[in-house]
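Remarks on the structure that follows.
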Amino acid sequence: MPKLKTKRAAAKRFRKTANGFKRGQAHRRHILTKKPSKRKRQLRTGAMVHETDVNRVTQMLPNA
């Protein structure tokens, strides 16, 4: 049986944590001056992969 290979695109986008998979957060890179402080503060919290998508990410990252 061949080795299980990691999908490299998924490896760049998701990180395994104790509670699941962490993903990147959109709207946090630039043009922050016009965004309210409340919105920027809420974007600071870590974004986790939704529970319905965890199985998909696990298949793409078999060695995680």
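The values are calculated or read from the model by the stated rules, or taken from the named source; none is laboratory data. Predicted, not measured: the structure shown is a model, and the values here were computed from it. Here Cβ is always computed from backbone atoms with ideal geometry, including for glycine, and neighbour counts include all displayed protein chains. These area figures cover heavy atoms from the full protein model, side chains too; ligands, DNA and RNA do not enter into them. Shrake-Rupley method; radii C 1.70, N 1.55, O 1.52, S 1.80 Å.
I'd like to verify a number: residues in the stretch 10-47 that are under 18 Å from PRO62 (Cα atoms) and either in contact (Cβ under 8 Å) with a residue 40 or more places away in the chain or surrounded by 11 or more Cβ atoms within 10 Å (Cβ to Cβ) (or both), how many?
Count: 11.
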*Can you pull out the residues in the stretch 48-64 that are aliphatic (A, V, I, L, M) and open to solvent by 60 Å² or more (accessible area, probe 1.4 Å)?*
MET48, MET60, ALA64
*Residue that is out of contact with any Phe, Trp or Tyr (no Cβ under 8 Å at 6 or more places or on another chain) and part of a helix (DSSP H, G or I), where the choices are LYS35, LYS12, LYS5*: LYS12
